[in-house]
Structure formats: structure tokens, C-alpha cells
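Nothing in this text is a laboratory measurement; each read-out follows from the coordinates by a stated rule. Worth saying up front: this structure is predicted, and the values here are computed from it rather than measured. Cβ atoms come from the backbone with ideal geometry, glycine included; neighbour counts cover every protein chain shown.
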Amino acid sequence: MKDQPLPHRAAALLLTLLLGACQGGDAKDRTAFTQQVLERLRQEWKGGTAEVAPQPLTLELRFADGQTATLSLDNLWRQCRGTSEACDEPIAGFVHLVAEEQGITGFVAKPELVRATIKDQAWIDQAPGKSPDGSDRPVIQPFPGGAWIVYVFDLPNGMRVLTREDLRTLGLDEQQVAALALANLDKALGPIPHEPVEKGSALQLVHAGDSYEISRLLLHDRWREIAATVKGDLLVGSPARDYVFFTGSGEDPREVARFRELVDRLAREEAHGVTLPVLRFTPEGWEVARFPAPPA
């Protein structure tokens, strides 16, 4: 699930957004791309049915035995988006792997695969979980700003939501799964990679290309180290699953304003945008940041 490394991406992303050529303008392209992959998959995969999911660049698979899986097209989209060619070869390769059901079927719930991510209320409202006994409901816990921590299994081609039935399989309760997920994240992700969005800027970007950028907000001790390096309070914005921005409240007001503008715009226009307010670091945890009201 690795993407292009951090260097040189941050400045390009900031410049693109602030000039107004935002990623949200290609929503129709993403929809068409998702449909293109879906049609190829339906032609080749005979093990079940596939449909477009409510989330952008996502397919929902249902196997013949009734099991389901969510398939992310994010990395394939990034790979194809930057080329002038039709991208037939990468799509064909991706579809072939899925059709062979590599990394999807034969799933076994293992403690070492447990991770955690953050979703907003819109995702929760569309989340799976329709069985009468609630066994297929996701295991979730509240996160500041009206968001939710969602526990998942890390798979080669994406994530599988951890359900209440999985709790029974693992022999764990919610508190134990939460502790396990954080320990696994900390071990797998390590220090938080970041760089200025442009040389000399106090606005920093976390983008590792592993789809766990927003999950890093759960590693509070890692952020404690970063909080000591900024001016004023550490402010963090996570407008999408794959991007986390931060700065200090005591930095140049123009930098803070640019930080807020960028976070707000990406939340509205990114494929995996997240409705999450700017958060302020405290030793006890994250809290919603408060800003002075603009002059009347």
C-alpha cells in the first residue's frame, strides 16, 4: 500500500490547492475510473458480485458464501492519474489479483493484523452492520471533534473492518482490542514522518503513502515529541485519510490562516475527505481548537 515518498509532494500539493486547481474538480473522473475497474472486475471475477461503494474509489465485494469485503482503488487511481496512457496494464494486473482473490478470501482474524483508523460521522452512517444480532457491526469508539475510532484488520490490498463477531473470534473485549490496535500501530508505523510544505514554512505535512496517516493521531506520545518543537500549541488538521497537516498556534498568523484554509478545502474536495475540525494537542489528549471570531 506504499505510495510516493514524502519529498517534493508537499509543496506541489499546497501550490495546486492554493491556486484553485483542486483535486475535487476531478470527482467525475474518479467516478468514471471506479466504474471502469468495476466493469473489468465483473468480466473476470466469478466468485461473487461487486458494486460501487458509497465512498469514492471503493468497491464492495460479496462472495458466494455471503462474506463481504471493501476494496480500495486509491493507490491504483494515483498510479493511473499521473499518466497520459489508458492505464490498461495496471488495471488489468490489479483486477487479476482481485479475481484470483489474493489477500481477500481465506481471511483469518489474527491479533497482529489489528489496526485502528479514524472515520467521521458520515462514514459511520453508511457503515455495514445489518444482521439482527449485531455481530457484523463495526467496533468503534468516540474520537474528539465528532469523529470515531474504527478498528480494522490490515490486509495486503486494503483494510477489513473489525466486527463484534471478530471480537469473539479473537477472544478480546473492546478495551483489549483498542490497546492491541495502538500497540500494533506504534510498532508498524514508528516515528511520524513530516516535512514543511515548502522551504521555510511553519506548515508541516505528514504523508507517508500507507493509508494510515490519520491513524497516527492515535499515537499521542509520538505527537508529544512534535508538540515541543512548534511555537505555541500544536494544531493538527486531518482533512483526508492520507494527509495530516500541523503547525503551531504561535506561528506567523498568515501561516496559521493558510493552514486552516488548506485543511478546510481538502476536507471538502479530497476523495477520502474527513469532516474533522482542527485539533489542539494537550498532554491528556486531543481537543477541538478554538479560534477568535473574525471581526464584524
Subject >> Inter-label distance for residue 63 and residue 210, nm, one decimal - labels placed 7 Å from Cα along Cα-to-Cβ >> reply: 2.7
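Any chance you could run the full-extension gain for residue 179 through residue 110? It's 0.36 nm times the residue separation minus the Cα-Cα distance, nm to one decimal.
On the way: separation 69, 0.36 × 69 = 24.84 nm, distance 1.47 nm.
Value of the extension gain: 23.4 nm.
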**OP:** Please give the FRET efficiency for residue 221 paired with residue 96, using the beta carbon to beta carbon distance and R0 = 41 Å, rounded to the nearest 0.05.
**Re:** 0.45
Original post:
What length, rounded to one decimal in nm, is gained on full extension from residue 126 through to residue 46, with 0.36 nm per residue of separation minus their alpha-carbon distance?
Top reply: 26.1 nm
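Which entries of 119/199; 28/119; 46/187 show an alpha-carbon separation above 27 angstrom in the structure shown?
Values: 119/199 31 Å; 28/119 23 Å; 46/187 38 Å.
As for pairs spanning more than 27 Å Cα to Cα, those are 119/199; 46/187.
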**OP:** Pairs of Cα atoms under 8 Å, at least six residues apart: use those to get the relative contact order of the stretch 192-285, whole percent.
**Re:** 28
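How much FRET efficiency would the formula 1/(1 + (r/R0)^6) give for residue 168 and residue 39, where r is the Cβ-Cβ distance and R0 is 41 Å, rounded to 0.05?
Details: r = 38 Å, r/R0 = 0.92.
For residue 168 and residue 39, the calculated efficiency is 0.60.
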